[in-house]
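Read-outs throughout are calculated quantities, based only on the coordinates presented, and are distinct from any laboratory measurement. These numbers come from a predicted model, not from an experiment. In this analysis, Cβ positions are derived from the backbone assuming ideal geometry, glycine residues included, and neighbour counts consider all displayed protein chains.
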Amino acid sequence: MGYYNTFVLSPREYAKICGEINTYYSKYERKKYAIHASYGIDNVAYWYFFENYGYNNYNIYMRIAI
């Protein structure tokens, strides 16, 4: 899909993060690459790095604990 290999998240975590990115999409709208900060489903804070291909079309390629 993207330039980077996809980081595998559980379906539940992927849905949570994509839902948050969708909610705040205006913040990411014109950015090809972006970082979204959030708590994962394990209640740990992470930075999620992703490629943006349009609304609800993201390639999350890295997750780093904050």
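Fully extending the segment from Lys32 to Thr6, taken as 0.36 nm per residue of separation minus the present Cα-Cα distance, adds 7.8 nm. Per-peptide packing, taken as the mean over residues of other Cβ atoms within 10 Å, places 57-64, 31-38 in the sequence 57-64, 31-38 from highest down. List the equivalent ellipsoid semi-axes of the chain in whole Å, largest first, each obtained as the square root of 5λ for an eigenvalue λ of the Cα gyration tensor. Ellipsoid half-lengths, sorted descending, are 17, 13, 11 Å.
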